[in-house]
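J.: Please read through the structure below; I'll follow up with questions.
The values are calculated or read from the model by the stated rules, or taken from the named source; none is laboratory data. None of the values given here were measured: they were computed from a predicted structure. Ideal geometry is used to build each Cβ from the backbone, glycine not excepted, and the neighbour counts take in all protein chains shown. SASA here: full protein model, heavy atoms, side chains in, ligands and nucleic acids out. Shrake-Rupley method; radii C 1.70, N 1.55, O 1.52, S 1.80 Å.
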Amino acid sequence: MANPMRIRAAAKDGVTEVRVLMSHVMETGQRKDSSGAVIPAHFITELTAKHNDKVVLSAQFGPSVSTNPYLAFKFNGGAKGDKVVVSWVDNKGDSRTDEVQVA
Amino acid sequence: MKKTIMAVAIGAVALTAPNMQAMASEDLNFDAYRQMLADGNPAELFEMEGEELWRTARGPKNATLEQCDLGVGAGVVDGAAAQLPRFFADTGKVQDLESRLMHCMETLQGIPSAEIINGKFRQGERGKLASLVAYVVTHSNGKKVQVDLSHPKMKEMYDMGEKVFYYRTGAMDFSCASCHSQDGKRIRATQLPNITTSKGAAEGWGSWPAYRVSNSQFWTMQHRLWDCFRQQRTAEPVFASDVTIALSVFMAGKGNGYEAVWPGVKR
């Protein structure tokens, strides 16, 4: 089970800024451990952000994204109390969905 | 035709040259880089875990840490870290945040301190302790460091810390002061605070624990100090031993009155 994300969303002048901090190892599959064995790739592949039920951002992630990724983006619209839902899926099929109310 | 191409090529060189210079000075703009890092500090993930650990009943005694007294009353977390290390009457010792949390984990939860002292950084109970540190220091973020040095034991620790700070040892004959007694020094992109000044001491004390972006690890002050000893090529200190607490009292005491940025974020 993946650890929770920390999401913040703030609306200002008709634009909502969303900041997401994900907890993920984002292992590239290129590294070796101390005994020389390859550490298997384990990274987020897809990320979706929804405002209420409308998709506002859809992204493909890969092994070049850092450990514990941070993502910030803005979308038009959004008002205080609206729901922002962010979810990701990784290459091992693990997933995580968290939601927050727009402040 | 060839001439025109040459002219264009030279023109291009002339145009790019000033840009290159601008780039070089931009490369050295570490403050902008640090600002970018500070937005979305992944230390928050450790803080979230620490908050959970604080409230979760664990250990042989199946208790939470909510009755832990960090010096400002049982269970009070707000502002506690800004006043640590301090002298605790119940243990008769000067303790920093880590040793105090360790004490709480042993007395309240029954988790033996030896497990943490003999453990490894970022693993097992010592790793959990680091997350708890992240949680506690976040509740002192922006607070002024206010360490009370009036108790004789605190004075003793401060003096010992000062002595250790200037004590040259190890294969390189280094002291802490070798790297930390001049203004404006840095190692690669990392600025070295001048700990002989109050401002510098506060920059050092008030920016750890921190998340290190280069290795995706969260380091507590105990971890930072342990690594300073290692880099000094001298004997590595025992976790939460007097020498580490003495150095902490020295830095915190010298940095009194300055704001802490907790948890920090580093390259």
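J.: Yes or no: region B:168-182 includes at least one residue that is more than 14 Å from chain A (Cβ to nearest Cβ) and within 25 Å of residue A:67 (Cα to Cα).
T.: no
J.: Can you run down the residue pairs with Cβ atoms below 6 Å, 6 or more apart or on separate chains, where the first is in region B:37-51 and more than 7 Å from chain A (Cβ to nearest Cβ) and the partner is open to solvent by 20 Å² or more (accessible area, probe 1.4 Å) and outside any loop (DSSP other than H, G, I, E, B)?
T.: B:37/B:265; B:38/B:265; B:41/B:265; B:47/B:138
J.: Does residue A:14 satisfy the condition of being over 21 Å from residue B:42 (Cβ atoms) and either surrounded by fewer than 17 Cβ atoms within 10 Å (Cβ to Cβ) or within 11 Å of chain B (Cβ to nearest Cβ) (or both)?
T.: Yes: the conditions hold for residue A:14.
J.: For the condition in the same structural domain as residue B:252 (by TED's automatic domain parsing), β-branched (Val, Ile, Thr) and at pLDDT 95 or above, what is the one hit in B:76, B:94?
T.: Of the residues listed, the single one that is in the same structural domain as residue B:252 (by TED's automatic domain parsing), β-branched (Val, Ile, Thr) and at pLDDT 95 or above is B:94.
J.: Next question, about the same structure. Out of curiosity, is residue B:168 surrounded by fewer than 18 Cβ atoms within 10 Å (Cβ to Cβ) and in contact with a strand residue (DSSP E or B) (Cβ under 8 Å, 6 or more places away or on another chain)?
T.: Taking the combined requirement at face value, the residue satisfies it.
J.: Quick one: which of A:95, A:87, A:66 is within 14 Å of another protein chain (Cβ to nearest Cβ) and more than 24 Å from residue A:12 (Cβ to Cβ)?
T.: A:66
J.: Moving to a separate point now. List the pairs whose first member sits in region B:104-130 and is in the same structural domain as residue B:59 (by TED's automatic domain parsing), whose second member is of a type in the set (Lys, Arg) and open to solvent by 70 Å² or more (accessible area, probe 1.4 Å), and whose Cβ atoms are under 7 Å apart, counting only residues at least 6 apart or on separate chains?
T.: As it stands, the answer is B:108/B:61; B:109/B:61; B:110/B:61; B:126/B:120; B:130/B:122, since those pairs meet every condition given.
J.: Could you list, in sequence order, the residues of region B:171-207 that are surrounded by fewer than 14 Cβ atoms within 10 Å (Cβ to Cβ), over 17 Å from residue B:34 (Cα atoms) and among the charged types (D, E, K, R)?
T.: Listed by number, the residues that qualify are B:173, B:183.
J.: Still on this structure, I have one more. Can you name the number of the only condition in (1) of a type in the set (A, V, I, L, M); (2) over 23 Å from residue A:83 (Cβ atoms); (3) assigned to a strand (DSSP E or B) that residue A:25 fails?
T.: (3)
J.: Return the only residue of A:2, A:10, A:49 being farther than 26 Å from residue B:215 by Cα and either in a loop (DSSP other than H, G, I, E, B) or more than 10 Å from the chain's Cα centre (by Cα) (or both).
T.: Exactly one of A:2, A:10, A:49 is farther than 26 Å from residue B:215 by Cα and either in a loop (DSSP other than H, G, I, E, B) or more than 10 Å from the chain's Cα centre (by Cα) (or both), namely A:10.
J.: Would you please list the contacts, defined by Cβ atoms under 6 Å and residues six or more apart or on different chains, that run from a residue in region B:141-157 that is open to solvent by 80 Å² or more (accessible area, probe 1.4 Å) to a residue that is part of a helix (DSSP H, G or I)?
T.: If the second residue must be part of a helix (DSSP H, G or I), the pairs left are B:143/B:82; B:146/B:82; B:146/B:83.
J.: Of all the helices (runs of 4 or more DSSP H) wholly in region B:129-247, which have at least 1 residues that are aromatic (Phe, Trp, Tyr), over 16 Å from the mean Cα position of the chain (by Cα) and over 26 Å from residue B:113 (Cβ atoms)?
T.: Working: elements: B:152-166, B:176-180, B:198-205, B:221-231.
Result: B:152-166.
J.: Considering only residues that are at positive phi and open to solvent by 50 Å² or more (accessible area, probe 1.4 Å), which ones fall in region A:42-81?
T.: Once the filter is applied, which keeps residues that are at positive phi and open to solvent by 50 Å² or more (accessible area, probe 1.4 Å), region A:42-81 yields only A:52.
J.: On to the next question. Since residue B:253 meets every condition but one in (1) in contact (Cβ under 8 Å) with a residue 40 or more places away in the chain; (2) in a loop (DSSP other than H, G, I, E, B), which condition does it not meet?
T.: Here residue B:253 clears every test but (2).
J.: Let me ask something additional. Open to solvent by less than 30 Å² (accessible area, probe 1.4 Å) and part of a loop (DSSP other than H, G, I, E, B) - does that describe any residue in region B:54-66?
T.: First, pick out the residues of region B:54-66 that are open to solvent by less than 30 Å² (accessible area, probe 1.4 Å): B:54, B:63, B:65.
From what's left, part of a loop (DSSP other than H, G, I, E, B): B:65.
Yes.
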